[in-house]
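Step one of this worksheet: look at the structure below.
The values are calculated or read from the model by the stated rules, or taken from the named source; none is laboratory data. Remember, predicted model here, so these are calculated numbers, not experimental data. For neighbour counting, all protein chains shown are included, and Cβ atoms are generated from backbone atoms with ideal geometry for every residue, glycine included. Quick note on the areas: whole protein, heavy atoms, side chains included, nothing else; ligands and nucleic acids left out. Shrake-Rupley method; radii C 1.70, N 1.55, O 1.52, S 1.80 Å.
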Amino acid sequence: MKYTSDVIIIGGGIVGCACAYYLAKRGIKNVIVLEGSESIGHGGSSRNGGGVRQSGRDVRELPIAMYGIEHFWKGLSEELGVNTEYTQKGNLRLGKTEAHIEKLTNLAKNAQSVGLDVTMIDGDTVREINPYLSEEIIGASWCPTDGHANPLTTTLGFYKRALEMGVRFFTSAWVMELRKYRGKVRQVFTKDGDMFEAGDIILAAGYDSRYIMNTIGLDMPVTKYLDSALVTEAQPKMFEQMLGTADADFYGHQTEHGSFVFGADCGLEEYVDMPLSKTESHPMTLSASCRAISGYIPLLAQAKIVRTWTGWMEMTPDGVCILGRPEEAPGLILATAFNGHGFGTGPTVGYIMSQLVAGEAPCVDITPLRYERFQANK
C-alpha cells in the first residue's frame, strides 16, 4: 500500500502525539503517525515517573521546560479533555552528602543564570516543606514551579484530540527504512512493505531513531539505558511535591489516587542483558530502587508494591535531546534522544515541531540542541 500526506510522524509517544495535535490545531491535518508497537504511548511516554520539572536540567534544554510550564501545562487538562493530573507543588532534589550538595548547588546556579526560580535549602527547611523525609537529608534544591503529571492520560489526551481533528494513526507500523527522492527525505517504508510519502518527516522514535537514521547514512551517538519504575498500593495523603536526588537514586511522587510512582537507577543497568523488546523488571534493579526509596522516605519501607516495569531510555553523550532539521537530510526533522526526561518537555517540543513544519521560527532557540553539535571538529 502507498499512503501520502503532508507530514509523517514516526513515533506515537507523547512527542509524536503532541506534534500531531499542534499540527492539526494550526490547520495541517493531513498528518500520519506511525507507531511500531500495537499501542500508542507504548514506550517511555507511559513508563516514566511523570516529572514536569525545570530544575536539574541542562541549560540548553531548560528554556523548553520553562516555556512549557508557562504556556502549556496549566491549561492542558481543559484543552485536551482529560485529567492530566498536573500538580504544580514544587520539586525537591535531595542530598545526603557534601558532594551531593555541591552537585545540586552547581545545577541551581546554572538554572538561575537563565532565570529559573530555584534555591538551595538546608535539611531542616526540607523537612518543613515535607516532614516525611529522612533526617539523613542535609539539603536540597527547591524549585516551587516544578511539578508532576500523569503520563498515561496526558499522552492519551494528545492522541485523542489529534485523532478527532483528522490525524491518521497506524499502529504495528514498524519503520524499516527512509528514502530520499531528488535529494530530500520523502519516503518511509514499514516492515509490512507499506510506503508512506510526505513533504516533511518528523522522527520521534526514541532509541530506534538511530537505526532509522542509519538507512539514509546518518548516525547519532545514542546508547540505550534501562530504567526501572514501580507503583505502590494507595497510601494516606502525604505530600504533593515531586522528589528527586542529586545522584538520581530515585525520583517520583504521590498520585491523586494515593499510590506512589517511583523510578530509580541502580548503576548496573547497562550490564543487564535484555533485548529492547523486553520491558520486565529485573530483580537487581528493583531491589536497589526499594532500598533507595526507603532511605529517603522511611515510612514507605513497608509499603506493598502493586506493579513494576522497565523502559528503555536513549542517552546522548551530553545528556540532552536532539531537535531540528539536520543539514544533511532536507525533509527530515528530529525530535529524539530525550535521555529519560522528555515527558515534561513533550508539549513544548510538539509545538516547536509544528512551527518548523509551518516555516516559523521556534518559540525557543533550539540551536544548541541540533544534530550538528556531534559533528567532528578536529
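Please find, within segment 106-119, the residue that is nearest to Asn83 (Cα to Cα) out of those that are open to solvent by 40 Å² or more (accessible area, probe 1.4 Å), assigned to a loop (DSSP other than H, G, I, E, B) and out of contact with any helix residue (DSSP H, G or I) (no Cβ under 6 Å at 6 or more places or on another chain).
Pass one, segment 106-119, residues open to solvent by 40 Å² or more (accessible area, probe 1.4 Å): 106-107, 109-110, 112-115, 117, 119.
Next, from what is left, pick out any that are assigned to a loop (DSSP other than H, G, I, E, B): 113-115, 117.
Among the residues that remain, those that are also out of contact with any helix residue (DSSP H, G or I) (no Cβ under 6 Å at 6 or more places or on another chain) are: 113, 115, 117.
On the way: Ser113: 34, Gly115: 30, Asp117: 27 Å.
If we take residues in segment 106-119 being open to solvent by 40 Å² or more (accessible area, probe 1.4 Å), assigned to a loop (DSSP other than H, G, I, E, B) and out of contact with any helix residue (DSSP H, G or I) (no Cβ under 6 Å at 6 or more places or on another chain), then Asp117 is nearest to Asn83 (Cα to Cα).
So which strands (runs of 3 or more DSSP E) are wholly in segment 120-181 and hold at least 1 residues that are acidic (Asp, Glu)? Show your work before the answer.
Working: elements: 139-143, 168-170, 175-181.
By residue number, 175-181.
Restricting attention to segment 76-105, which residues are assigned to a loop (DSSP other than H, G, I, E, B), open to solvent by 20 Å² or more (accessible area, probe 1.4 Å) and either within 26 Å of Ala292 (Cα to Cα) or touching a His at 6+ places or on another chain (Cβ under 7 Å) (or both)? Quick ask: steps written out before the conclusion?
Step one: of segment 76-105, the residues assigned to a loop (DSSP other than H, G, I, E, B) are 81-86, 88-90, 96-97.
Next, only the ones that are open to solvent by 20 Å² or more (accessible area, probe 1.4 Å) stay: 81-83, 85-86, 88-89, 96-97.
Within segment 76-105, Glu85, Tyr86, Gln88, Lys89, Lys96, Thr97 meet the criteria.
Conditions (1) touching an Asp or Glu at 6+ places or on another chain (Cβ under 9 Å); (2) open to solvent by 40 Å² or more (accessible area, probe 1.4 Å), marked per residue:
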| position | (1), (2) |
| --- | --- |
| Ser209 | yes, no |
| Met213 | yes, no |
| Ile216 | yes, no |
| Asp219 | no, yes |
| Lys224 | yes, yes |
| Val231 | no, no |
| Thr245 | no, no |
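Among the residues in segment 150-163, are any more than 18 Å from Gly51 (Cβ to Cβ), open to solvent by less than 10 Å² (accessible area, probe 1.4 Å) and modelled with pLDDT of 95 or more?
yes
Would you confirm whether or not segment 172-190 contains a residue that is open to solvent by 60 Å² or more (accessible area, probe 1.4 Å), in contact (Cβ under 8 Å) with a residue 40 or more places away in the chain, within 29 Å of Phe262 (Cα to Cα) and of a type in the set (Phe, Trp, Tyr)?
no
Could we say that Ser45 is within 30 Å of Asp192 (Cβ to Cβ), of a type in the set (Ser, Thr, Tyr) and not in a helix (DSSP H, G or I) here? Steps first, please.
Details: within 30 Å of Asp192 (Cβ to Cβ): yes; of a type in the set (Ser, Thr, Tyr): yes; not in a helix (DSSP H, G or I): no.
Taking the combined requirement at face value, the residue does not satisfy it.
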